[in-house]
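Working notes, structure below.
The values are calculated or read from the model by the stated rules, or taken from the named source; none is laboratory data. All of these numbers come straight from a predicted model, not from anything done at the bench. We place every Cβ from the backbone using ideal geometry, glycine too, and count neighbours over all the protein chains shown. Calculation scope for accessible area: heavy atoms of the full protein, side chains included, ligands and nucleic acids excluded. Shrake-Rupley method; radii C 1.70, N 1.55, O 1.52, S 1.80 Å.
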There are 2 protein chains.
Amino acid sequence: MPHTYDYIKDGQAIYAKSFATIRSEARLDRFNTEEARVVVRVIHACGMVDVAEEVIFSSHAAHAGREALLAGKPILCDSQMVAHGITRARLPADNPILCTLNDPKVPELARQIGNTRSAAALDLWGEHMDGAVVAIGNAPTALFHLLELIDAGAPRPALVIGMAVGFVGAAESKDALAAYPGLESVIVRGRLGGSAMAVAAVNALASEKE
Amino acid sequence: MPHTYDYIKDGQAIYAKSFATIRSEARLDRFNTEEARVVVRVIHACGMVDVAEEVIFSSHAAHAGREALLAGKPILCDSQMVAHGITRARLPADNPILCTLNDPKVPELARQIGNTRSAAALDLWGEHMDGAVVAIGNAPTALFHLLELIDAGAPRPALVIGMAVGFVGAAESKDALAAYPGLESVIVRGRLGGSAMAVAAVNALASEKE
């Protein structure tokens with residue numbers, strides 16, 4: 001005989017209880033209001049309250065990201081998962097979302113520059129980088145190459161969300177981003193990261209609604 | 001003056017070093033070869049070797065999932081992020097990937113059944129569930145509702161990847177899946193989970209290439 005499971009089925013009630021749990025368990029006191037909203041969503045995306053200890057914002061990062069989205073600037077993503085995870089309905093200005101990874105020019109570009117496809121895809125961002133919100137949720141090589149492009153004179157984004165994940169270059173690329181002069185950034189230190197965290201940061205900046 | 005960063009730029013070399021690091025650090029001895037391949041990719045997706053402690057396979061889960069993919073069965077996903085994260089080129093039989101979350105019928109269905117849109121979307125899976133690989137990377141309500149549908153006589157999937165994430169119902173829904181009689185499953189216990197982990201499990205089952 002079919003039985004039913006006892007669980008909360010109301011989406012809004014689930015969100016409310018989730019965020020209340022996170023705010024009661026996580027150490028958020030070193031963050032301002034805008035930053036805390038980002039950290040809460042990043043925690044929500046991964047299920048670990050301790051990730052708060054690893055999140056580092058530059059001085060005006062959260063505010064700069066929020067202002068860029070309000071101004072309609074594009075969101076540039078290193079992976080399709082990031083691009084498809086962003087909640088369109090939360091965006092304040094119907095902001096364009098751009099991921100160039102699957103562009104047919106990318107494999108040849110990667111060969112030319114001797115880097116990964118994830119890195120080469122950024123060479124197609126061009127003027128879209130100017131004042132944009134960049135969300136790196138996967139590839140350390142993309143994050144390193146972003147810094148190389150800016151070094152070489154590419155337009156500066158308003159904010160770089162550096163949440164590359166993994167065992168080779170992730171920690172180093174995010175440290176390099178956080179140390180980059182005059183570039184607003186938010187990172188998760190170390191190996192932790194991923195597309196869900198990068199998406200959570202964008203979704204948090206997109207709307208004040210929790 | 002632009003400077004360059006010292007990092008590995010060869011995708012295959014990055015994969016090789018990543019997986020070697022994971023295999024040297026993670027405790028994989030309780031897994032068979034097929035299971036270990038899944039666990040290694042799940043670790044790769046989240047950056048935490050300790051997640052291995054939380055991965056639970058039913059007796060024939062990894063093998064059943066691999067056989068279903070070889071047989072061309074579809075992959076049914078609870079979220080767009082999962083659907084877009086799966087590497088098509090790794091799939092052994094050009095397997096269809098289905099995510100019904102954005103179907104226009106879903107909001108009304110959700111109202112009718114008094115559940116979330118994530119759960120209601122599964123009511124559109126129908127006969128596609130028969131022998132399929134189900135990948136739940138986001139919503140505990142989707143996982144609970146899947147079990148309700150199977151209770152009520154829906155066709156059984158070959159494997160359910162239960163990697164719902166978060167603070168409300170995630171641990172409970174995955175425990176319910178693991179306890180479900182006669183259903184092959186792999187779960188990550190507790191709050192941990194997410195679309196990247198679910199994708200990693202599918203990608204690992206799809207090809208023996210590491």
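Structural remarks
- In terms of its alpha-carbon gyration tensor, region B:110-210 comes out oblate; a/c meets the 1.5 threshold, while b/c is at least as large as a/b.
- In the context of the full protein assembly, A:SER59 retains an accessible surface of approximately 100 Å², using a probe radius of 1.4 Å and ignoring ligands and nucleic acids.
- With the convex hull drawn around the C-alpha atoms of region A:28-149, the volume per residue stands at 118 Å³.
- Order by protection proxy (mean Cβ within 10 Å, highest first), peptides B:170-176, B:108-114: B:170-176, B:108-114
- Helix axis angle, B:11-25 relative to chain B longest principal axis, alpha carbon, degrees: 80 degrees
- The calculated FRET efficiency for B:ASN32 paired with A:ASP94, based on their beta-carbon distance and R0 = 41 Å, is about 0.25.
- Looking at chain B alone, DSSP beta bridges between its own residues are antiparallel in about 20 percent of cases.
- Close amide H pairs (under 5 Å, H built 1.01 Å from N) link A:GLU184 with A:VAL160, residues at least 5 positions away or on another chain.
- Using a probe of 1.4 Å, the accessible surface attributed to A:LYS105 totals some 120 Å² when neighbouring protein chains are kept in position.
- Note on chain B: helix-only mean residue ellipticity at 222 nm, from DSSP H runs of 4+ residues weighted -39500 (n - 2.57) and normalised by residue number, equals -12500 deg cm²/dmol.
- Per-residue surface analysis assigns B:CYS77 an accessible area of about 0 Å², computed on protein heavy atoms at 1.4 Å probe radius.
- Helix B:33-46 axis, angle to chain B major axis (alpha carbon atoms, nearest 10°): 80 degrees
- Per-residue average of Cβ from other chains inside 10 Å of A:141-152: 3
- Beta bridges assigned by DSSP with both partners in the protein assembly as shown are antiparallel in approximately 20 percent of cases.
- Three-way shape label, region A:10-70, alpha-carbon gyration tensor, a/c 1.5: oblate
- For the protein assembly as shown: rounded, prolate or oblate by the Cα gyration tensor [a/c cutoff 1.5]: prolate
- For A:GLY11, label point 7 Å along C-beta direction: distances to other copies, nm: 3.4
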